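Working notes, structure below.
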Amino acid sequence: MSKRKLNVALIGYQFMGKAHSNAYRQVARFFDDLEVEPVMKVICGRNEENVRKAAQKYGWEEYDTSWERVVERKDIDLVDVSVPGNMHAPIAIAAANAGKMVLCEKPLANTLAEARQMYEAVQKNKVPNALCHNYRFAPAVQLAKQLIDEGRIGKIYHFRGTYLQDWIVDPNFPLVWRLQKEVAGSGAHGDLNAHLIDMARFLVGEIAEVSGMMETFIKQRPKLAASDDRLGGVASSEMGEVTVDDAALFLVRFENGAIGSIEATRFALGRKNYNRFEINGSKGSLVFNLERMNELEVYLQDDPPHIRGFRVVQASDSVHPFMTAYWPVGHIIGYEHTFMNLIYTMLKAFDKGEEFKPNFEDGVRNQAVLEAVDVSSQQRRWVSISEL
């Protein structure tokens, strides 16, 4: 039986555009129960030569240089917003007003005000919407959620999240868009802590208040002469101001009484993409590290004393979420599969008229925490999320 077609427009073609393109191309080939098949209709970017090459390389039928023209097309069902943060709100709102389904990269917006406008737009137009926090869809993270929901680790006391990278330690690294507040909104905080905030909310619960600090270690860098799709580029001889944080660290009180700490930095030498959390409960603990994304460390106090200790669960068996679509047990999956799992779950939900999570409402809640930390850092006090 042939699958129903869903025409996709992707706005953006670099790092996330590459990841999203691969997911759309592969998802229906792996997930046999998917009743709708994404059609890679058009990819959009400002540079005509580059977006034309991306269309050919990634398998899109067409390319365009005008996102305004793309979102108004009658043959487009889903608009995927995978551009820098300053363009999330205008594109997503226009797409919602045009009646399109919308998937947006994280964080949802550069400010809480923008995020709320985006949420209002999808609510007003009653369009399906999704936020791309792909790490929720690693099988080991889904297993952690299952164990928590089953009560296996009891009442949760602690969440500790760290997201550590080192790709801008060199002071001669150029001033890419991620280091400019007017484009990115914030630095390591919005880029990395957004993931940890979403993960904490997904696994532990809503955040009530925060107390944080943010720091920019290198305040001037060479301006960018040429960019690439791997976060880097070529430096020029002219210097420019870094207007975002290099690192952010904050304490958390959850509404359910748990406490936590969340830290993100791009100055942790030796750490390339160290996204790790530990959750401690009254009956056990869980540990996840993205650099070993197929594994979940599990400690259960109910185990017999002579074998009690952390065990490493390889979340690659057919009993684990999403794994029936891939390989035999022990044949691990990678970063790109988290996007495929998200797209699969999203398409199934949209096709059935069901709510997908995380969505724009989650994006607003995540953005409120991000903004509360910023306020706390500036005013040096605890900030309640309800203040914003």
Among the residues of the stretch 199-206, are any in a strand (DSSP E or B) and open to solvent by 30 Å² or more (accessible area, probe 1.4 Å)? no
Subset of the stretch 85-95 that is of a type outside the set (Gly, Ala, Ser) and closer than 21 Å to Val369 by Cβ - its residue that is least open to solvent (accessible area, probe 1.4 Å): His88
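Can you name the residue in the stretch 73-101 that is among the small types (Gly, Ala, Ser) and at negative phi and, of all such residues, is farthest from the chain's Cα centre (by Cα)? Reasoning before the result, please.
Pass one, the stretch 73-101, residues among the small types (Gly, Ala, Ser): 82, 85, 89, 92, 94-96, 98-99.
Those still in the list that are at negative phi too: 82, 85, 89, 92, 94-96, 98.
Details: Ser82: 11, Gly85: 12, Ala89: 16, Ala92: 16, Ala94: 22, Ala95: 20, Ala96: 20, Ala98: 25 Å.
In this case the residue turns out to be Ala98.
If I filter the stretch 251-267 down to residues being outside any strand (DSSP E or B) and open to solvent by 20 Å² or more (accessible area, probe 1.4 Å), which single residue comes out as nearest to Glu150 (Cα to Cα)? Explain how you work it out, then say what you get.
Taking the stretch 251-267 as the starting set, the residues that turn out to be outside any strand (DSSP E or B) are 255-258, 266-267.
Then drop every residue that is not open to solvent by 20 Å² or more (accessible area, probe 1.4 Å), which leaves 255-257, 267.
On the way: Glu255: 20, Asn256: 17, Gly257: 19, Phe267: 38 Å.
It comes out as Asn256.
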Any strands (runs of 3 or more DSSP E) falling wholly within the stretch 276-323 and containing at least 3 residues that are not hydrophobic (A, V, I, L, M, F, W, C): 284-289, 295-300
Just one listed residue, out of Phe310, Phe339, Phe288, is over 30 Å from Glu387 (Cα atoms) and either without any contact (Cβ under 8 Å) to a residue 40 or more places away in the chain or of a type in the set (Val, Ile, Thr) (or both), and it is Phe310
Within the stretch 229-250, residues open to solvent by 70 Å² or more (accessible area, probe 1.4 Å) and polar (S, T, N, Q) come out as Ser237
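Here's the yes/no breakdown for (1) over 29 Å from Arg4 (Cβ atoms); (2) open to solvent by 10 Å² or more (accessible area, probe 1.4 Å):
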| site | (1), (2) |
| --- | --- |
| Trp327 | no, yes |
| Leu347 | no, no |
| Phe350 | no, yes |
| Phe360 | no, no |
| Gly363 | no, no |
| Asn366 | yes, no |
| Val373 | yes, no |
| Ser377 | yes, yes |
| Arg380 | yes, yes |
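In the stretch 21-70, which residue that is basic (Lys, Arg) and over 17 Å from Ala95 (Cβ atoms) is surrounded by the most Cβ atoms within 10 Å (Cβ to Cβ)? Steps first, answer last, please.
Kept after step one, since they are basic (Lys, Arg), are these residues of the stretch 21-70: 25, 29, 41, 46, 52-53, 57, 69.
Then drop every residue that is not over 17 Å from Ala95 (Cβ atoms), which leaves 25, 29, 46, 52-53, 57.
On the way: Arg25: 15, Arg29: 11, Arg46: 13, Arg52: 18, Lys53: 14, Lys57: 12.
Among residues in the stretch 21-70 that are basic (Lys, Arg) and over 17 Å from Ala95 (Cβ atoms), the one surrounded by the most Cβ atoms within 10 Å (Cβ to Cβ) is Arg52.
Among the candidates Ser227, Ser237, Ser282, which residue alone is in contact with a Pro (Cβ under 8 Å, 6 or more places away or on another chain), farther than 17 Å from Ala372 by Cβ and either among the hydroxyl-bearing types (Ser, Thr, Tyr) or at pLDDT below 95 (or both)? Steps first, answer last, please.
On the way: Ser227 fails: in contact with a Pro (Cβ under 8 Å, 6 or more places away or on another chain); Ser282 fails: in contact with a Pro (Cβ under 8 Å, 6 or more places away or on another chain).
That would be Ser237, the only listed residue that is in contact with a Pro (Cβ under 8 Å, 6 or more places away or on another chain), farther than 17 Å from Ala372 by Cβ and either among the hydroxyl-bearing types (Ser, Thr, Tyr) or at pLDDT below 95 (or both).
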Restricting attention to the stretch 1-48, the residues that are under 16 Å from Ala130 (Cβ atoms) and not in a loop (DSSP other than H, G, I, E, B) number exactly 13
Scan of the stretch 233-250 for residues that are aliphatic (A, V, I, L, M) and either part of a strand (DSSP E or B) or more than 13 Å from Arg178 (Cβ to Cβ) (or both), ordered by number: Val234, Ala235, Met239, Ala247, Ala248, Leu249
Output yes when any residue across the stretch 153-167 is among the small types (Gly, Ala, Ser), under 28 Å from Ala89 (Cα atoms) and surrounded by fewer than 19 Cβ atoms within 10 Å (Cβ to Cβ), and no when none is. no
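Quick check on Val329: is it among the hydrophobic types (A, V, I, L, M, F, W, C), part of a loop (DSSP other than H, G, I, E, B) and free of Cβ contacts under 8 Å to residues at least 24 places away in the same chain? Before you say what the answer is, go through the steps one by one.
Values: among the hydrophobic types (A, V, I, L, M, F, W, C): yes; part of a loop (DSSP other than H, G, I, E, B): yes; free of Cβ contacts under 8 Å to residues at least 24 places away in the same chain: yes.
Judged against the criteria, Val329 is a match.
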Quick check on my filter: what residues within the stretch 268-292 are of a type in the set (A, V, I, L, M, F, W, C), open to solvent by 10 Å² or more (accessible area, probe 1.4 Å) and in contact with a strand residue (DSSP E or B) (Cβ under 9 Å, 6 or more places away or on another chain)? Ala268, Leu290
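Anything in the stretch 207-217 that is open to solvent by less than 30 Å² (accessible area, probe 1.4 Å) and among the aliphatic types (A, V, I, L, M)? List them, or say none. Spell out how you get there, then give the answer.
So in the stretch 207-217, the residues open to solvent by less than 30 Å² (accessible area, probe 1.4 Å) come out as 207, 210, 212, 216.
Across the stretch 207-217, the qualifying residues are Ile207, Val210.
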Screening Ala115, Ala138, Ala121, Ala98 for residues that are more than 30 Å from Met323 (Cβ to Cβ) and buried (at least 23 other Cβ atoms within 10 Å of the Cβ) leaves only Ala115
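The values are calculated or read from the model by the stated rules, or taken from the named source; none is laboratory data. If you're wondering where the values come from, they're calculated on a predicted model, not measured in any experiment. As a convention, Cβ positions derive from the backbone with ideal geometry for all residues, glycine included, and neighbour counts pool all protein chains shown. For the accessible areas, the whole protein counts, side chains as well, though only heavy atoms, and no ligand, DNA or RNA atoms are used. Shrake-Rupley method; radii C 1.70, N 1.55, O 1.52, S 1.80 Å.
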